[in-house]
Each structure stands twice: as C-alpha cells, then as structure tokens.
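Peer 1: Have a look at this one before I ask anything.
What follows is calculated from the coordinates using simple rules that are stated; it is not laboratory data. Keep in mind the model is a prediction, meaning the values are calculated, not measured. Counting neighbours? That spans all protein chains shown, and the Cβs are built from the backbone with ideal geometry, glycine included.
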Amino acid sequence: MNKKNLLSLGTALLLGTSLLFAQKEPVDYVNPLMGTDSKISLSNGNTYPAIALPWGMNFWMPQTGKMGDGWTYTYASDKIRGFKQTHQPSPWINDYGQFSIMPMTGQLKIDQEQRACWFSHKAEKATPYYYSVYLSEYNLTTEIAPTERCAYFRFTFPETKDAYVVIDAFDRGSYIKVIPEENKIIGYTTRNSGGVPQNFKNYFVIEFDKPFTFNKVWADYHLVEKHLELQSNHVGAAIGFATKKGEQVHARVASSFISPEQAELNLKEIGKKTFEQTKDAGRKAWNDVLGRIRIEDNDENRMRTFYSCLYRSVLFPRMFHEVNAKGETVHYSPYNGEVRSGYMFTDTGFWDTFRCLFPFVNLVYPSMGEKMQEGLLNTYLESGFFPEWASPGHRGCMVGNNSASVVADAFMKNITKADAEKMYEGLLTGANSVHPRVSTTGRRGYEYYNKLGYVPYDVKINESAARTLEYAYDDWCIYRMGEKLGRPAEELELYKKRSQNYRNLFDPETKLMRGKNSDGTFQTPFNPFKWGDAFTEGNSWHYTWSVFHDPQGLIDLMGGKKMFVSMLDSVFNLPPVFDDSYYGGVIHEIREMEIANMGNYAHGNQPIQHMIYLYNYAGEPWKAQYWLREAMTRLYFATPDGYCGDEDNGQTSAWYVFTALGFYPVCPGSNEYVMGAPYFRKATITLENGRKLEISAPKNSDENRYIRSLNYNGKNYTKNYLNHFDLLKGGRLLFDMDNKPNKGRGVNETDYPYSFSRDKK
C-alpha cells in the first residue's frame, strides 16, 4: 500500500472516530456502577446501579447482598442472588417495597444462598435504562428494561427441560399466588425498615409470555405441594419451562402501594411494547432529562463523570404516586395509610439535599420541582409535619429543620403552585414543635432554642451545636418566605432575630463554633477536632461555616476578612487529625477525610461542601477557583470507587454538577448562586422556558483554572454571584480563563454575594 492510500485510510479512520464520538448521547456517558465499590468502613459512594427512569417510583437492581442487607449490591461481590425491585435511598436507611426474581437452570434452588450465581463485571452491562448480566452457572443471560413503575425482563436460556424462575417476596410477612392459566404470579411484600403504617403492602404482578410446565409456591424455602396460594412470614413461587437453545422468555413486572388492581393498571406502562421498544423508550426518557445540559469537551472521562453525577441527581426524591383508572394522580400515604389524591415523593434526607439537590431541580427541572412541593404539602396535611428524612414516611435520621430551606427556596423562585400560606403554616409548626414519635422531625430542643437562643450542650440533646446552627438558617428561610407572603411585622421580626442565633455559639477565643451549656458557659473541655458530640458527623472546623445566610456576620465575628480567609485556609493546612471518642471508633466519614490528602477538609460529608465558595464573600474568589478544581479532579471519577464518601440521594452528585457549571447555591432561599469557575470548555443548559444558557470557557484547562474576566451577555461582569431570575432569561457567560489568579476581580464589597448582615443594613 502506498503512502497516499495510507493517508486516505488514516483520514477515514479519524473521521469515523470523530463521527462515532459525535453520535454519543448524554446517557451513553453514564456509569451506574459509579460509587458501588463501598463497604461499611469506607464509602466510595454507597450507591447501587439503579435501573430506573428519572424520579421513577420503582427501581431495579442486581442483588448481591443477603435479604435485608442495606449493602444490596457491592462491586467487590462475585455472586448475584436475584434481581430486586428496590426503593432503597441509602444502605443506612435500607429498603422497603422489595421482592426479587431469579432465573436458573438445572436443579431448582429457592434458598438465597444456594441459588446465588457467579457473575463477572466483564459480562455485565449497566446503563440507566438497561441492565444485562450473564449468570455463568446457569448459562443464561438476564436483561432488564424499566419504566416508572414497571420492568420488562428478558431471560435467554440454553436448551433445557429445567429452566426456572424463582420469585422471592421476602420475609416479615408476604403473600404469593400462581395463576398458571394466565402465566401470571401476583403477591405482596411487607418487608420494610420503618416509616410505614400498619397496613403497608407493596402489591406486585408478574406476567410471563410462556406457559408454565412447573409451578409451585414455597414458604421459608420449602415447596408446598397442594396449594398455589400462600400467605406467611416468608413466601415465594417457582415456575418452570422447557426451553430451546437461545430461547427468550419475557416477564412484565409492575407493583403498586395502593392495591393489586392498581398494580395491574400500572402494568399498562409497558402495554403492548416489546422489550426493545421499552428499552428504547427508557433511553429516550433519560436523554431528554440528561440532555437539558449539553457538555462539549475533549476529555471523555470528565464527561462520563459529569453525566454519571447528573444521573444520580435526578433519581431522588422518587415518585410515590400512581395514576388510577380515571387518569387521576393518587398515592398511598406512608403517613396515615390512606389513599389520597395528588403527588407524593419520598426517599430523600433534607439534611443532605437542601444544600443543592433541590435548588438544582428548581433551576433545571422546575416543573418537577412544582410537583415535589405539592407532594410536600400533602405530607404536611397527612402527618402534621414536613419530612426531614422520608423513606417512605418520617424516619429518625440526622438533625435540623431543613424542610424550611426546601420549601422557602422553591417559593422564592416561584416554583411553588401549591397553597403557599398552608405551606408556611407547616414551617411555623415544624419550627415550634417536634414530632411525637420521630424526634428528628420538627425541632428537637425547640423549647430551649426559642428561650435561650441555642440548644444547650448539657441537656442530653445530642449534636446541639449542629441543631442550633441549622435552626438559625431555617429561621432565616422562614423569615424570607414570610416577608414575601406579607406576614405580620411582629412575626417576621421574631424569625429575623432568631436567624442570628448562630452568634450565640461563636467562641471568640478559638474563632470557632462551640457547644454552650444552659447557664451560658461554653462546653469544656473543647476539642475542635472532635467529631460528633456537639456536631453531626463532623467537627467544629467543619460546622463553623454553617452560616449559609450570613457569611458577613461570621466574617465580622472572626475579626474581618483577613482572619476569615486565614481560617478558611487552615482547614486545608491542618493535618487530618481527629478525635473519634464520641463514636467509640473511626466512622467511615472520618476515614474518608483522613485519606483524601486535603487536610481537615471533609468533602465526603455534607456540612462542609459549601465552604470553599465562602472565599467569594471575603474578596479572594481565586482561592475558591483553585480549591474547587482540586476537589473535582481529586475526588470524583466515573468509576466504582468514584465518590469520596456517601453520595447521599443526589446531593454530592449535584455538588459536582453545579460546580462543573461554575456556580453553586450556597444559600438556598437567597435566589443567588455563588461563583466558582466552569470545568468544561462549553456547557449549554436548555431551560424549561425554552431559553438557553451558554457557559463558554474556550481556554479552560487544569492549568487555566482561574477567571481572568467574565463577559455576561456582552458586558464585563465582576460580581461573585449570579441571580436566579437573570439566568432564567438565558444568555451567554463567556469566561476568559488563565493559569494565574486575577487578584483584582471580585474584590469589592459590591461584588460579594448575599449576606443578611450586609444586605439588611
């Protein structure tokens, strides 16, 4: 071959590669296995491959863990026990509405240990809309394509007279019935981890496209000979076929929290679609949602990380509502056990997700945010409280009254179409009471807080300083919403004043937040490196910055901008020392900080995730630009060990998405986003109003991480923040990036983001 032909061939190959790359769609970059290589002692995400549609009611996943184990799928496992419908938001909260399906050949094995089959990640394909794995001992392949409330299974069997599918309805109360004449199995599962009424059931229906040659029900792993219907502690079914080599057997699966009839109705989401059509519809749904943000960059690994994080950002909170025969949106209430009209969402912890997950939804998917707010109102109407941790009902987990932030932020951004006055009433209720059975809902210690201005350290209320700091911000949220609603001045003044309660915990000696006793003295001894105790899953160095609404007030307390910046710097300059005595051992959050090589910065847990952005409030935005880039490049990868701690229902992922775009909602409720710096050369957000927001940084690179200048719709822009309503108008942000900081940009007070102390003067 001559040189000319070689050149032509090379050119053709290059063009082909470029075309292939160009044809990739957003969902093609997603790795659902990101974060799955985790364990109790060290979290790299604590995620599982969620095979689902965005915000879908039912997720599906391969199950490697034992029944009831929160670590349902771990990357290091080598056996699959079944394919499980799941509603698990995290391993710590665990699951509900769960049952599994497991195909096999040869000897029928119903016990979860015996039926477990070897698999390899090399023979596993995971996408958001499709999952496939080869089960080696059974010589068969299982494929799953989901809808919002259903799943389509396809089993490819070898030639055998002994092909089986085992259905496991799990223990703690379940029901099963085989209907051979309809190739159908129905049942329900009740297993849960809390947060459900006494009448809780998840009803399921499974329809096969091949007649059964074998059908049995079982209880406690023992076959029952004379019945095809059974209710007991732990039941299931086993059905069988004779198959030809390569024969495909399909199963359509749906479930409902309302009734068996509703489960049948939900099955119509698949209807007459084929497996491939269901798969294609799922792919389109994901591309529609992920495609709201288009990234252009020459680093495919970074694009994989971005879209994998974006995928995680639109899974939770999940739908808990269904559509009845009349086409009405209805839901089973996990709060009172009744079937009610309207939307319901669940499986989220506001302690995590108020920070940026809900603001992200409000910016990019506001119509979904509107439905979520209606769902929150329904929660209040059905239980008397907004949720703080929901799965599916109120769960005792974490601290704070952060529903105030989630509700107020949506209202301030005009997302809320529900009864705002009633929602505000719910905020006042939560601020001045505590749930009678779930003490983390409402405000534990509110009596002390309202009287003293803080929750005391010495009254046997755990994590008192964390509660105080979060309550103060929540009071500001109530004040903001009340102000927009035109509430009475006396009421507004009360919450305005309480928003400053964070000051009561500031220790001028250490310049850190510190627990305070009921007599007004600070806790002693005090170790700012002690995790827990007065704080929640962090130490004083992490929680001191939790003054989202008033960084200027914190700056003043610390003695000015210079000292404030020095304290911020110290977080990175300090060694990763810690005191774990409160927990009696090293919890995984501590270990993740220790090994990150970023000093005492603990990005793997939520309290400090906004801290880097605070440099913008003190006139040194270039330091934020530096450290944000360090966090993104060091701590996030589209790999099984790709997170630096718990992913936590989309919060940590949404942090990455926001930060990669170049801005972040430090203070939800302020209608501002604090500037970082864009990560990609170009990103385009297609807003729901049809306008486009283009974020362009053509010189962007790891070296060129600093903003030299910003042109916003044709004008030089020096501010360290962006306004929500300005962004909704669309336009173009053109960043001129440089390898050295511009210490003359964003340094004036007029450039600083919102702070209560400065903006209310």
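Peer 1: Step through the table entries LYS122/LYS210; LYS210/LYS272; LYS451/LYS497; LYS125/LYS210; LYS422/LYS729, compare each Cα-Cα distance with 24 Å, and write down the pairs that go over it. Provide the component values of the computation, followed by the final result.
Peer 2: Working: LYS122/LYS210 30 Å; LYS210/LYS272 16 Å; LYS451/LYS497 12 Å; LYS125/LYS210 26 Å; LYS422/LYS729 30 Å.
In this structure, LYS122/LYS210; LYS125/LYS210; LYS422/LYS729 exceed 24 Å between Cα atoms.
Peer 1: Within the range 686-730, which chymotrypsin sites (Phe, Trp or Tyr not before Pro) sit in a loop by DSSP and count at most 10 neighbouring Cβ atoms inside 10 Å? Walk me through the numbers on the way to the answer.
Peer 2: On the way: sites: TYR706, TYR712, TYR717, TYR721, PHE725; in loops: TYR717.
Nothing satisfies the criteria.
Peer 1: Estimate the FRET efficiency between HIS227 and ASP171 by the formula 1/(1 + (r/R0)^6), using the beta-carbon distance for r and 22 Å for R0, to the nearest 0.05. Don't skip to the answer; put the middle values down first.
Peer 2: On the way: r = 19 Å, r/R0 = 0.85.
Once rounded, the FRET efficiency stands at 0.70.
Peer 1: Which residues in the range 460-497 place their backbone N less than 16 Å from a point set 7 Å from the Cα of GLU421 along the Cα-to-Cβ direction?
Peer 2: 482-489
Peer 1: What translational diffusion coefficient, to the nearest whole µm²/s, does the range 119-187 have by Stokes-Einstein, given a Kirkwood radius computed over alpha-carbon pairs, a temperature of 37 °C and 0.692 mPa s viscosity? Mind dumping the intermediate values first?
Peer 2: Working: Rh = 14.4 Å.
Answer, rounded: 229 µm²/s.
Peer 1: What's the extension gain from ALA242 to GLU296 if we count 0.36 nm per residue and subtract their Cα-Cα distance?
Peer 2: Values: separation 54, 0.36 × 54 = 19.44 nm, distance 5.05 nm.
Once the chain is fully extended between ALA242 and GLU296, it gains 14.4 nm.
Peer 1: Rounded to the nearest 500, what is the 222 nm mean residue ellipticity of the chain from helices alone, with -39500 (n - 2.57) per DSSP H run of 4+ residues and division by all residues?
Peer 2: Details: 21 runs with 220 residues, N = 761.
Estimated from H runs of four or more residues: -8500 deg cm²/dmol.
Peer 1: Working from the pairwise distances between different alpha carbons, so that the mean of 1/r is found and then inverted, what is the range 458-522's Kirkwood radius in Å? Don't skip to the end; give the middle numbers.
Peer 2: Details: mean 1/r = 0.0776 Å⁻¹.
Every distinct Cα pair counted, the radius reaches 12.9 Å.
Peer 1: From Cα pairs below 8 angstrom and at least 6 apart in sequence, can you work out the relative contact order of the chain, rounded to a whole percent?
Peer 2: The value is 12 percent.
Peer 1: Calculate the spin-label point distance for SER132 paired with ASP569, positioning each point 7 Å from the Cα along the beta-carbon direction, and give it in nanometres.
Peer 2: 5.6 nm
Peer 1: Sticking with this structure for a sec: Determine which lysines satisfy two conditions relative to LYS39: a Cα distance under 18 Å, and not lying fewer than 8 residues away in the same chain.
Peer 2: Reachable lysines: LYS66, LYS79.
Peer 1: If I take R0 = 25 Å and measure r between the Cβ atoms of THR633 and SER367 in this structure, what FRET efficiency does the formula 1/(1 + (r/R0)^6) give, to the nearest 0.05? Before the final figure, lay out the partial values.
Peer 2: On the way: r = 34 Å, r/R0 = 1.35.
About 0.15, to the nearest 0.05.
Peer 1: I've got another one for you. At 7 Å along the Cα-to-beta-carbon direction for both ALA489 and GLU338, put a label point, then send me their distance in nm to one decimal.
Peer 2: 4.1 nm
Peer 1: For LYS530, give me every one of the lysines with a C-alpha distance below 18 angstrom, ignoring sequence neighbours fewer than eight places off in its own chain.
Peer 2: Once the sequence-local lysines are set aside, what remains near LYS530 is LYS460, LYS511, LYS516.
Peer 1: Convert 25 °C to kelvin, take the viscosity as 0.890 mPa s, use the Kirkwood radius over C-alpha pairs of the range 49-290 as Rh, and evaluate the Stokes-Einstein diffusion coefficient in µm²/s, rounded to a whole number. Spell out each step's value before the answer.
Peer 2: Details: Rh = 17.7 Å.
It comes out at roughly 139 µm²/s.
Peer 1: Run the numbers on the range 387-507 and let me know its relative contact order in percent, using alpha-carbon pairs under 8 Å that are six or more apart. Please report the intermediate quantities before stating the final value.
Peer 2: Working: 160 pairs, mean separation 32.1, N = 121.
Computed over the range 387-507, the figure is 27 percent.
Peer 1: Based on the mean of other beta carbon atoms within 10 Å per residue, what is the order of 34-46, 663-675, 328-340, most packed first?
Peer 2: Working: 34-46: 22.2, 663-675: 25.8, 328-340: 17.9.
For the peptides 34-46, 663-675, 328-340, the packing ranking is 663-675, 34-46, 328-340.
Peer 1: Quick one: length gained pulling ASN324 to ASN748 fully straight, 0.36 nm per residue minus the C-alpha distance? Numbers along the way, then the final one.
Peer 2: Details: separation 424, 0.36 × 424 = 152.64 nm, distance 5.71 nm.
Contour length minus Cα-Cα distance gives 146.9 nm.
Peer 1: Then there is this: What is the projected area of the convex hull of the Cα atoms of the chain, averaged over all directions, in nm²? Write out the running numbers ahead of the final one.
Peer 2: Details: hull surface 142.0 nm².
If I average the Cα hull's projected area over directions, I get 35.5 nm².
Peer 1: Please give the length that would be gained between ASP78 and LYS284 if that part of the chain were fully extended, namely 0.36 nm times their separation in residues minus their C-alpha to C-alpha distance (nm, one decimal).
Peer 2: Working: separation 206, 0.36 × 206 = 74.16 nm, distance 3.16 nm.
This chain segment gains 71.0 nm when fully extended.
Peer 1: Let me ask another. For the residues HIS435, HIS227, what sequence is obtained by ranking on other C-beta atoms within 10 Å, fewest first?
Peer 2: Numbers: HIS435 19, HIS227 12.
Fewest-to-most ranking of HIS435, HIS227: HIS227, HIS435.
Peer 1: Report the calculated FRET efficiency for THR524 and GLU264 (r = Cβ-Cβ distance, R0 = 56 Å), to the nearest 0.05. Please list the in-between numbers first.
Peer 2: Numbers: r = 64 Å, r/R0 = 1.15.
The formula returns an efficiency of 0.30 here.
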